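We did not get these values from a lab; they are worked out from the coordinates using the rules stated. Quick caveat, the model's predicted, so the values are computed rather than measured. Virtual Cβ from ideal backbone geometry, glycine too; neighbours counted across all protein chains shown.
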Amino acid sequence: MTRTGRRADGHTGATGSFERTRGSGPARPARASSPPRGPGRLPPAALLPVALLPFAVALGACSTAAPTSAHASISASAPVPAAPAPTTVPQAAPTGTPLLWPVTDVSAAQQLQTSVDGGAQPWTLDPEEVALNYAGATWSWTNPTVTQTAPGRLDLTNPGGGTAHLTLVQPVRAGTTGIWVVSQAQRT
């Protein structure tokens, strides 16, 4: 049975719905679709962080102290991220660095870089490819073996005999998008 009027607890405020159960007893408020609100009550959205707290504690997210025995096995098995290794920022070749191949001056290098940025001659972005093409164009070597000894320093070995030591530089821009140019070549 539903009635409108004064609440059973004596509240004289706004009227609301009440239901009476079979038999005797006072009327009680009708069930609502949301939990009651008032002093000491929290809305459901406010309970979400509280509901997730056991998971956060289990993962060690809420404590900087050493793990307790309650969650030591969880913390011990979780991987600890390593600190990033220090990196050096690549630098373009200093002004005055000699350029031998495939370009011989900075102006031509800048034009080649613009061309490569547009999608042409992508092999110039790979120092090994530049070294192989240089050896083929300059000494007519076919299929030499390339060994990188340091960044920008490569050794080539020709299957028909002979070796070469090359130094390559990035005259316009350093990094993965910068072209490589042979700066020094020594054939032995």
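Could you tally the net charge around A164, taking each other residue with its Cβ under 11 Å from the Cβ of A164, Lys/Arg +1 and Asp/Glu -1?
Working: positive: R187; negative: D155.
Around A164, the charge tally is 0.
So if each residue of separation counts as 0.36 nm, and I subtract the Cα-Cα distance between T149 and E128, what length gain in nm does that give?
6.4 nm
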